[in-house]
Amino acid sequence: MLTDVRGAIKSLLRSPGFTLIAVVTIALGIGANTAMFSILDSYLLRPAPYPDRDRVERIYRALPQDPVGGFSPADYLELKASNGYGDVAAYTGSDISLSQPGRPAEMAVGVRVSANLFATLGARPYLGRDFRPEEEIPGNHRALIISERYWQSHFGGDGGIIGSAVRVDGEPYDIVGVLPRTFSDWRHLGWVDVFRPLAFDEKEARERNSTNLRLVGRRSASVARGQGAAFIKDFGRRLAHDFPAANAGATWRTVAIDESFLPADARLVVALLIGLSGMVLLIACSNLANLMLARTMARAREFATRAALGASRSQVLRPLLVESLLLALVGGAGALCVASWTFDWLAVVSAGDNGQGVVLGFDWRVLAWAFSACLFTAVAFGVAPAFFVGRLDVNSSLKSGSHATAGRGHRRFRNALIVGQFALAMVLLAGAAHFVRGLKELNSRRHGWESDHLVTGTLVLQPSAYAGEREITEFQRRALERLEALPGAESASMSYAMPFFGLAEQRRYIIAGRQLPEPGREPAALINGVTPHYFQTVGTRLLSGRAFSPGDTRTSPKVFVINDAMARGLFGDGSPLGQRIAQAGGQTLEWGEIVGVVADVQSIYSDPSPVTWQVYQPMAQEPRRSNELALRTTAGAPATLVESVRTTMMSFDQDLPIRKLQAADVGIARANYQDGVLATMLSALALLGLGLASLGVYGVISRTVAQRTGEFGIRLALGAQARDITRLVLTSGAKLALIGSALGLLGAVAVSRILTASFPGIRTSSAPVLIGTTVLLIAIAQIACYLPARSASRISPTEALRAE
């Protein structure tokens, strides 16, 4: 065996070009597979870092429009007080403004959690203590626990941090704990910087319409998984019966924590990535098999001589298998480098607002996958030449002279490999082209709003400085006046949400003068609270009636503006102006008049909400501390006003930073960044597959031209022109590409359907894309065939015939 290894190394070193191409091909093919498998491993195979995780579950309140819906405070508190399941904890995202002594305030990714969250997950602080039950009472809630990462990056890993005072949203907080590094599981809670207690006042504790809480539970040791799931389901059914206005149509369910990291559509995408990367590996193996076969045929006389001198079949085949294994191992080492670079790239492009992205790495599963891929590759591209040598006719090979010609069976086999490569490349290229085109159309869509010359940002008012509705409304009025007075500003507004990111809050409404529907069956609409100049600022057209005015205040009669889809759906051809509606489910009905109708708006996300009806109400009639700021400029780039807006807002309060203050188009481009990362990955796989397939057809055509040198010489001697030879070679390559592309169209349609199921808002079916990819494949095949064709057309008939 050592002799075979030394011989294989010498043989490979004698062919540096072949060796380099083989190693690079294997590294790219296996590297892409390893990177995709690491994504699968991180999301689905790697267990959650929680003790006794088999009893830890996510609890969902599934709705027709949201299978992983949240909970209201009242529902959570009622479930927590019940017996029969175990411990239940709640949390909700709540980014904060945090300022240290002597430093300006900055935004941090925050979560408000129930005091028992860490105990429920089986985690204890690395430094300090956990939250206490009494810290869930408003007034006692000013305690903070920070992540180990935030502790290192913002406090330098200071061991004396416990008890330090900071300001959170303008209020003094004490840091009471630091979480261990092992707790930060980005798959569950995300990259959270700070945690603070979830404290409900009496009004919030009775709230059932607000469903922004997420629940996680730990079943009692005496409760089996099926029993816990049945208890949660029955509990949700009872609440739907007792409180139909808020819970009708909701189904409660549990999901094991390890199974909750990816929704069903995302699992489909991961499976798609694994499949497509597998296609790249198959193309690489097919390509290498062709190269090895061509190389082996060139050495046919050598193998025949060995066999004639008494070498056994295993002695003849073993050097080929050893060469394949050496190439696979060296290529596998390169594949680990390719995968590591991919991990670093994904960490950068997936980074959130706090700079943290997904963490992929090598564990025993990933390394085992890479090793298995190396063995598969070695066998896959080593079998073909071994099969050829095994069927070698010693006498014919020795009589053939300096080179052996391929039989019809060998030619068919090589051509079948090329057709397969182009079929797989067609699947990769069409799938990537469909998705990239659909994503570009999605990000370019401006449905009911305009983002040009628009600056946006998010701000959260501190309860200490803006305690009541009057203070919030007064701040909004003064801030908008100052912003609109800036040079280059046209109009400004504040709202609950921006239209291009979608309206998240849903409410049900009833119509005055009509029969009341069953509780929970009322028409549903998405709600947005806006200031008077909102529609002008974001570019939503007013179709009829009027927009809101400064006179629409908390003390004035309630008014609403609805979108065109809701107007047509509820009132048909009649005018909705003057009609009165009220929110359903409340203790008392607060009727309001519809005063205007505006155009429908649609977000830029790929998963559009099934609820298309939209209701707008004056911000002053239901003010909130969380505000989305928008400023429309008169001319020039909106980025030029970003610092002016920041300075203006900071003049109100130094503890009031603005999060994501930027040109609206920048935020829109960032919003679908995960889809953009997927598009880049699909494109990279497609280009890699196309490149390998092109290399394969080049190698096969080159070898074919070399074997047909005598034939071409005879054709030229009999009067054929150089262009005839060129056309003959190019036609053979085009024929292979056409057959492969035709077969690949079936796979391309299947990939398109998978993408459509995962991203319903993206159009992933287009005849021009299929036609364009087919033309591109044929063009690439022609380019790959051109150099061999050009060499064939320059063959000297005299020299070719003399060589024969």
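The values are calculated or read from the model by the stated rules, or taken from the named source; none is laboratory data. In this text, all values refer to a predicted model and were calculated from it rather than measured experimentally. Cβ: placed from backbone, ideal geometry, glycine included. Neighbour counts: every protein chain shown. Quick note on the areas: whole protein, heavy atoms, side chains included, nothing else; ligands and nucleic acids left out. Shrake-Rupley method; radii C 1.70, N 1.55, O 1.52, S 1.80 Å.
Subtract the Cα-Cα distance of R477 and I274 from 0.36 nm times their separation in residues, and report this length gain in nm to one decimal.
Details: separation 203, 0.36 × 203 = 73.08 nm, distance 5.33 nm.
Gain in length upon complete extension: 67.8 nm.
Working from the alpha-carbon coordinates of segment 581-734, get Rg over Rh, Rh being the Kirkwood radius.
Values: Rg = 32.5 Å, Rh = 23.8 Å.
Taking Rg over the Kirkwood Rh, I get 1.36.
Taking only protein heavy atoms into account and a 1.4 Å probe, give the accessible area per residue of the chain in Å². Before the final figure, lay out the partial values.
On the way: 35180 Å² over 804 residues.
I get 44 Å² per residue for the chain.
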query = How many Å³ per residue does the convex hull of the Cα positions in segment 52-128 occupy?
reply = 153 Å³
task = Take the alpha carbon atoms of segment 739-792, find their center, do the same for segment 680-705, and report the distance between the two centers in whole angstrom.
result = 13 Å
request  = May I ask for the distance between the Cα centers of segment 422-468 and segment 238-252, given as a whole number of Å?
outcome  = 34 Å
Carbon + sulfur, % of accessible area of segment 113-223 - ligands and nucleic acids excluded, 1.4 Å = 47 percent
ask   = Applying 1/(1 + (r/R0)^6) with R0 = 30 Å to the Cβ-Cβ distance of A757 and N212, what FRET efficiency is obtained, to the nearest 0.05?
value = 0.60
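Run through the DSSP bridge list for segment 544-652 and note the antiparallel percent, rounded to the nearest 5. Could the numbers behind the result be given before it?
Numbers: 7 of 12 bridges.
Percentage antiparallel, nearest 5: 60.
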Pairwise label distance in nanometres, A637 with S549, each label 7 Å out on the Cα-Cβ vector = 4.0 nm
query = At a Förster radius of 25 Å, what calculated FRET efficiency corresponds to the Cβ-Cβ distance of T3 and F371, to the nearest 0.05?
reply = 0.50
query = Can you list the trypsin sites (Lys or Arg not before Pro) in segment 227-268 that are in a DSSP coil and have 12 or fewer other beta carbons within 10 angstrom?
reply = none
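Short version: what are the Cα gyration tensor semi-axes of segment 545-665, square root of 5 times each eigenvalue, largest first, in whole Å? Present the calculation step by step, with values, prior to reporting the outcome.
Details: eigenvalues 203, 78, 43 Å².
Sorted largest first and rounded, they come to 32, 20, 15 Å.
Where the convex hull is taken over the Cα atoms of segment 618-702, what is its projected area averaged over directions, in nm²? All intermediate terms of the calculation are to be shown ahead of the outcome.
On the way: hull surface 41.8 nm².
Mean projected area of the Cα convex hull: 10.4 nm².
Which trypsin sites (Lys or Arg not before Pro) does segment 467-527 hold that lie in a coil by DSSP with at most 14 other beta carbons within 10 Å?
On the way: sites: R470, R477, R478, R482, R507, R508, R514, R521; in loops: R514, R521.
Those that pass, being in a loop and sparsely packed, are R514, R521.
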Degrees between helix 225-242 axis and first principal axis of the chain (Cα, 0 to 90, nearest 10) = 40 degrees
message = With the crude spin-label approximation of a point 7 Å out along Cα→Cβ, what separation in nm comes out for I771 versus D201?
response = 6.4 nm
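Determine the calculated [θ] at 222 nm for the chain from helices alone, applying -39500 (n - 2.57) to every DSSP H run no shorter than 4 residues and normalising by the residue count; nearest 500 deg cm²/dmol.
Numbers: 24 runs with 398 residues, N = 804.
For the chain, the value works out to -16500 deg cm²/dmol.
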key: Label-point separation in nm, E518 to R646, each point 7 Å along Cα→Cβ   = 5.5 nm
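Give the dimensionless ratio obtained when the Cα radius of gyration of segment 470-628 is divided by 2.2 N^0.38 Å. List each step's numbers first, then the result.
On the way: Rg = 15.7 Å, N = 159, 2.2 N^0.38 = 15.1 Å.
So segment 470-628 has a normalised radius of gyration of 1.04.
Order the peptides 785-796, 338-349 from the highest to the lowest mean number of other Cβ atoms within 10 Å of their residues.
Numbers: 785-796: 19.2, 338-349: 17.2.
Going from most to least packed, we get 785-796, 338-349.
Could you rank the peptides 240-250, 624-634 by their average count of other C-beta atoms within 10 Å per residue, with the highest value first?
624-634, 240-250
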query = How many angstrom lie between the C-alpha centres of segment 71-107 and segment 110-137?
reply = 10 Å
request  = Quick one, can you get me the convex hull of the C-alpha atoms of segment 129-272 expressed as volume per residue in Å³?
outcome  = 184 Å³
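Scaled to the compact-protein estimate 2.2 N^0.38 Å, what is the alpha-carbon radius of gyration of segment 66-207, rounded to two decimal places?
Values: Rg = 15.3 Å, N = 142, 2.2 N^0.38 = 14.5 Å.
Relative to the 2.2 N^0.38 Å estimate, segment 66-207 comes out at 1.05.
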query = Using the alpha-carbon atoms, what tilt in degrees (0 to 90, nearest 10) does helix 264-298 show relative to the longest principal axis of the chain?
reply = 10 degrees
message = Students often check this: by mean Cβ neighbours within 10 Å, which of 213-224, 276-287 ranks highest, and how do the rest follow?
response = 276-287, 213-224
Projected-area average for the chain over all orientations - Cα convex hull basis, square nanometres = 43.3 nm²
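Starting from the alpha-carbon convex hull of segment 500-567, give the projected area averaged over all orientations, in nm².
Details: hull surface 24.2 nm².
Its Cα hull, projected and averaged over all orientations, spans 6.0 nm².
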note = Between R470 and R624, the FRET efficiency computed from the C-beta separation at R0 = 22 Å comes out, to the nearest 0.05, as 0.95
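If I stretch the segment between R129 and Q662 completely, what's the gain in nm (0.36 nm per residue apart, minus their alpha carbon distance), one decimal? Provide the component values of the computation, followed by the final result.
Numbers: separation 533, 0.36 × 533 = 191.88 nm, distance 3.83 nm.
Between R129 and Q662, full extension yields 188.0 nm more.
Provide the gained length on full extension for the span A221 to V348, in nm with one decimal, where the gain is 0.36 nm per separating residue minus the Cα-Cα distance.
Between A221 and V348, full extension yields 41.6 nm more.
Which whole number in µm²/s is D for segment 479-529 by Stokes-Einstein, with the Kirkwood Rh taken over Cα pairs at 20 °C and 1.002 mPa s?
Numbers: Rh = 14.2 Å.
It diffuses with D of about 151 µm²/s by this estimate.
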ask   = Label 7 Å along Cα→Cβ of E450; segment 502-538 residues with amide nitrogen under 20 Å?
value = 502, 531-538
